[in-house]
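The values are calculated or read from the model by the stated rules, or taken from the named source; none is laboratory data. Keep in mind that this is a model prediction, so the values were computed, not measured. Neighbour counts run over all protein chains shown; Cβ positions are idealised from the backbone, glycine included.
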Amino acid sequence: MNITGDPEDQRLRKVEKEILIPMKMRDKAKLEKCTDLVAAFSQCCKNSSVAMVVKCRDENTKMKACLTEWYQNEGFRQECQEEYLRERSDYRKTGVKQKAKKYEA
């Protein structure tokens with residue numbers, strides 16, 4: 001059930017290289033790599049309300065540094081790219097998006 005292309009094709013379009021893979025990197029870094037810093041910043045923002053811009057500078061700086069480190073990590077980029085290609089291939093074979101599969105499981 002080939003939906004949108006060859007499931008074995010490993011070429012990336014410009015939008016995938018410049019938008020989709022960096023988006024995957026950002027999400028994965030927030031959820032898996034910098035979780036404690038993201039949580040600390042979120043908690044600070046909740047506790048500080050309007051004053052968060054001033055009160056949460058330290059937490060924001062630490063979180064940004066962690067995220068930037070992962071964005072610039074070529075191994076992490078390669079890992080995210082491979083994961084993206086696996087998901088795209090799977091979608092092209094089955095027609096079922098990744099998020100829908102998570103809800104079925």
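Every residue in the stretch 49-73 that is part of a helix (DSSP H, G or I), among the polar types (S, T, N, Q) and under 22 Å from Asp27 (Cβ atoms), please.
Answer for the stretch 49-73, where residues must be part of a helix (DSSP H, G or I), among the polar types (S, T, N, Q) and under 22 Å from Asp27 (Cβ atoms): Asn60, Thr61, Thr68.
Taking only the stretch 27-41 into account, find how many residues are over 23 Å from Glu83 (Cβ atoms) and either at pLDDT below 95 or touching a helix residue (DSSP H, G or I) at 6+ places or on another chain (Cβ under 9 Å) (or both).
2
For the stretch 37-95, name all the residues that are polar (S, T, N, Q) and surrounded by 13 or more Cβ atoms within 10 Å (Cβ to Cβ).
The answer is Ser42, Ser48, Asn60, Asn73, Gln81, Ser89, Thr94.
Residue check: is Met63 under 13 Å from the mean Cα position of the chain (by Cα) and of a type outside the set (Asp, Glu)?
No, not satisfied.
Any residue at all in the stretch 85-105 that's aromatic (Phe, Trp, Tyr) and modelled with pLDDT of 95 or more?
No - not one qualifying residue is present in the stretch 85-105.
State which residue is surrounded by the most Cβ atoms within 10 Å (Cβ to Cβ) when the search covers only the stretch 1-36 and only residues that are touching a residue at least 60 places away in the same chain (Cβ under 8 Å) and not in a loop (DSSP other than H, G, I, E, B).
Of everything passing the filter in the stretch 1-36, Ile21 is surrounded by the most Cβ atoms within 10 Å (Cβ to Cβ).
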